[in-house]
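The values are calculated or read from the model by the stated rules, or taken from the named source; none is laboratory data. Only a predicted model underlies this, so the values are computations on that prediction, with no experimental measurement involved. A quick note on method: Cβ atoms are made from the backbone with ideal geometry, for glycine too, and the neighbour counts reach across all protein chains shown. Remember, those area values only see protein heavy atoms, side chains included, never the ligands or the DNA or RNA. Shrake-Rupley method; radii C 1.70, N 1.55, O 1.52, S 1.80 Å.
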Amino acid sequence: MSLKSYVTPSFLIERNKERCIKCKVCVQQCANEVHRYDEEDDEIISEEHQCVNCQRCVTLCPTGALTIRKNPNELRQNSNWTAEAVRAIYIQAETGGILLTGMGNDRPYPVYWDNILLNASQVTNPSIDPLREPMELKTHLGRKPDSLSIKEGKLQKKLPPQLELELPIMFSAMSFGSISLNAIKSLAEAAKQEGTYFNTGEGGLHRDLYQYGENTIVQVASGRFGVHADYLQAGAAIEIKIGQGAKPGIGGHLPGEKVEREVSETRMIPEGTDAISPAPHHDIYSIEDLRQLIYSLKEATNYEKPVSVKIAAVHNVAAIASGIARAGADIIAIDGYRGGTGAAPLRIRDNVGIPIEFALAAVDTRLRQEAIRNQVSLVVGGSIRNSADIVKAIALGADAVYIASSALLALGCHMCQKCYTGKCNWGIATQDPQLAKRLNPELGAQRARNLLRAWKHEIQEMLGGMGINAIESLRGNRLMLRGIGLTEKELQILGIKNAGE
Amino acid sequence: MQTIDASGMLYRDLNELIRDSVSRGVKEIRLINVNGHRYIGDGLAKEASIIIEGTPGNDLAAFMEGARIEVHGNAQDGTANTMNGGTIVIHGDARDALGYSMRGGEVYVRGDVGYRVGIHMKGYQDMNPAIVVGGKAGDFFAEYMAGGIMIVLGLGLAPDEDIVGNYCGTGMHGGIIYLRGEVAPEQLGKEVKVVSLTEEDTCVLDGYLDNYCQYFKVKREEIDKKPFCKLLPYNKRPYGNMYAGW
């Protein structure tokens, strides 16, 4: 017997009747079928239970007649049993299901980027004006040799393969399946135009995207979806996905509903089946096994492409990263606990993993102590919200950053956290052709490019302010950072001084 | 036919030689004194035949697309890892994670195989990978299997020996397993059921069994002495109802 739901709507929809012209844009735009036109009464009715507050109707309403706000209806005040805690129990009592959510951890944990301040030059070592002077953001990712031997102006030994980035920002892994092809095309085009890379995630590479191969990082994850020889050859680098910040330690699966024809062809699985990525790679049970897969991929691509290993930031991340470097990875990507996802169990997303700021500082420190920092490049993500986060990350020791949530926001995401439903009204996290076509890949690319360019200029401004004219000089330069409102221990882990010191 | 003596050679050098030869158009390569060399035939996307005398190392034919590899000896872990096409014939045993995520091609093993064999194997459109094992298989056989065909013959088993280990077909959501003989229910993952064979099954099996007999010079009557059982997943979406939207 189906149980009556005790869950009340999360949001209230207020329709200003004086402004509403009954044009039905809201009715047409909402894939959750919140708005409905009643012909008899000539009225638009909104069913708030279905509303996810994605702001699509609000944004597109031509007369600004709609407002969505948090439902002010409250249970009796209780600091322990918050409304969210109670709601979770109601849902689980009704369904017996694991709570599923989308995007990154939204809990009020500290954001350490916001407790770190940057330096600027005053009087001595004058600042540099990036508008008038050269400012180098070019970044090379890959293994760097311990020493260079140069004879008659020529390198004696070939450098290991490197990725060349015009700016230290890449689009992080998002699979075709979790997001629409138009969303991926937007990012791929932006990456190509701005001289950086996008990442396929574990969804394979759609045939339309092979033209972006030079700007593609192809991922190999535990389900090995869409992995074949041409795919490995197509990318500029290969990334082995071990873990993801939003759901460390668990696998994932793309529900059969999203595996429509194109997704099925790209992942190379039958239509309508769940695409299950097991939690571990079943050929990796140790660092030695990881080395085996790294070299298996290098052998398959003739040692021409850097191999990255992506892990979630977890408690022993420094020791794990050391193992990965020794296993032969060229790049280590670390994803913090705020990293986004198309779908993750709520309790995992909100309770597992550590902040990227700590993970990055710990890994960089450890690799330096072991004198193997040059053997790998570090790429961090989860979550990078603005250019200042990037500058701080690089000063803490990152070579580059991965952005995904920010990139989707640029495409129009409104952070409703319902990516897993496949009903994204913004055409991003959906495979419904009617919804996906709302995102024009050319305009999407323009937005993503604009974001990269804006951040590039801001990074240059901040570097110039510090009197630095190349991003290389900032890398691991923690003297450019000061902590504010942090404990001794936090400062120690971050390896930075307190403001005023 | 080109012969390469692998003794004392590093795997990287050996594999480079193989790649060079294949790209020069050599159609048949014989490797002698192979002793643990890893990644042989890795990512090989051309038609070629490699005959291996000795024991190749891990990840033999990983990501392979279309070549044929015959091993006169045992194979180690990770053979046919994410393989997309081609044929592997092993005149001995193979070890763990054989055919992990394999999507195409065929693997024939004369003897036994280790743990996690055929894990996450998947079929797709006209790609229907197959693994045929002459002896027995270890635990977690066909775990997460999503497509393709797995056949275990159980030839030469002692009367008290099991044809597969525990957790056979756990998480299976596609494909077919054929076991020659019986399997105890407690050895099966809870996502699979035992069903009887149809005529179509017999036709499908025939082709693979004839190949096995031909490759390893086994008499077909020997195999036909015992009937097969067939394992299928209950559901192609075993975890479809696990979640509730937050």
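Data for the structure
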{"quantity": "Subset of region A:286-306 (residues that are among the aliphatic types (A, V, I, L, M) and at the interface with another protein chain (Cβ under 10 Å from one of its Cβ atoms))", "calculated": "A:L293, A:L297, A:A300"}
{"quantity": "Restricting region A:89-111 to residues that are small (G, A, S) and farther than 30 Å from A:I403 by Cβ, the residue that is nearest to the other protein chains (Cβ to nearest Cβ)", "calculated": "A:G97"}
{"quantity": "Unique match (being farther than 19 Å from B:V107 by Cα and away from chain A (no Cβ under 14 Å)) among B:L197, B:L179", "calculated": "B:L197"}
{"quantity": "Any hit, region B:137-151, residues being surrounded by fewer than 21 Cβ atoms within 10 Å (Cβ to Cβ) and either at pLDDT below 95 or within 19 Å of the chain's Cα centre (by Cα) (or both)", "calculated": "yes"}
{"quantity": "Counted residues, region A:23-80 - those being among the small types (G, A, S) and more than 24 Å from A:C413 (Cα to Cα)", "calculated": "1"}
{"quantity": "Residues of region A:420-472 classified as open to solvent by less than 60 Å² (accessible area, probe 1.4 Å) and more than 26 Å from A:G340 (Cβ to Cβ), total", "calculated": "8"}
{"quantity": "Restricting region A:302-322 to residues that are surrounded by fewer than 17 Cβ atoms within 10 Å (Cβ to Cβ) and touching a residue at least 24 places away in the same chain (Cβ under 8 Å), the residue that is nearest to B:R12 (Cα to Cα)", "calculated": "A:Y303"}
{"quantity": "Cross-chain or 6+ apart pairs with Cβ under 6 Å, region A:96-114 first and at pLDDT below 95, then open to solvent by less than 70 Å² (accessible area, probe 1.4 Å) and of a type in the set (D, E)", "calculated": "none"}
{"quantity": "Of residues in region B:69-105 being crowded, with 24+ Cβ neighbours inside 10 Å and in contact with a helix residue (DSSP H, G or I) (Cβ under 8 Å, 6 or more places away or on another chain), the one nearest to B:E28 (Cα to Cα)", "calculated": "B:N84"}
{"quantity": "Among the candidates B:V204, B:V218, residue that is open to solvent by less than 70 Å² (accessible area, probe 1.4 Å), assigned to a loop (DSSP other than H, G, I, E, B) and closer than 30 Å to B:E70 by Cβ", "calculated": "B:V218"}
{"quantity": "Test: residue in region B:12-23 that is within 11 Å of chain A (Cβ to nearest Cβ), among the hydroxyl-bearing types (S, T, Y) and surrounded by fewer than 16 Cβ atoms within 10 Å (Cβ to Cβ)", "calculated": "yes"}
{"quantity": "Test for A:D208: is it open to solvent by 10 Å² or more (accessible area, probe 1.4 Å), in a helix (DSSP H, G or I) and over 24 Å from A:L141 (Cα atoms)", "calculated": "yes"}
{"quantity": "Members of region A:358-371 that are open to solvent by less than 30 Å² (accessible area, probe 1.4 Å) and out of contact with any Ser or Thr (no Cβ under 7 Å at 6 or more places or on another chain)", "calculated": "A:A359, A:L360, A:A361, A:V363, A:D364"}
{"quantity": "Filter result for A:N199 (open to solvent by 20 Å² or more (accessible area, probe 1.4 Å), at pLDDT 95 or above and within 27 Å of A:W426 (Cα to Cα))", "calculated": "no"}
{"quantity": "Test result for B:G73, more than 11 Å from every other protein chain (Cβ to nearest Cβ) and closer than 24 Å to B:E222 by Cβ", "calculated": "yes"}
{"quantity": "Selection count, region B:47-68, where residues are more than 10 Å from chain A (Cβ to nearest Cβ) and closer than 17 Å to B:G25 by Cα", "calculated": "7"}
{"quantity": "Residue in region A:188-195 that is within 14 Å of another protein chain (Cβ to nearest Cβ) and in contact (Cβ under 8 Å) with a residue 40 or more places away in the chain present", "calculated": "no"}
{"quantity": "Filtered residue count, region A:327-357, keeping only those that are more than 24 Å from A:L290 (Cα to Cα), hydrophobic (A, V, I, L, M, F, W, C) and either surrounded by fewer than 23 Cβ atoms within 10 Å (Cβ to Cβ) or free of Cβ contacts under 8 Å to residues at least 40 places away in the same chain (or both)", "calculated": "2"}
{"quantity": "Which listed residue is open to solvent by 20 Å² or more (accessible area, probe 1.4 Å), at pLDDT below 90 and assigned to a helix (DSSP H, G or I), from A:E257, A:E214, A:E262", "calculated": "A:E257"}
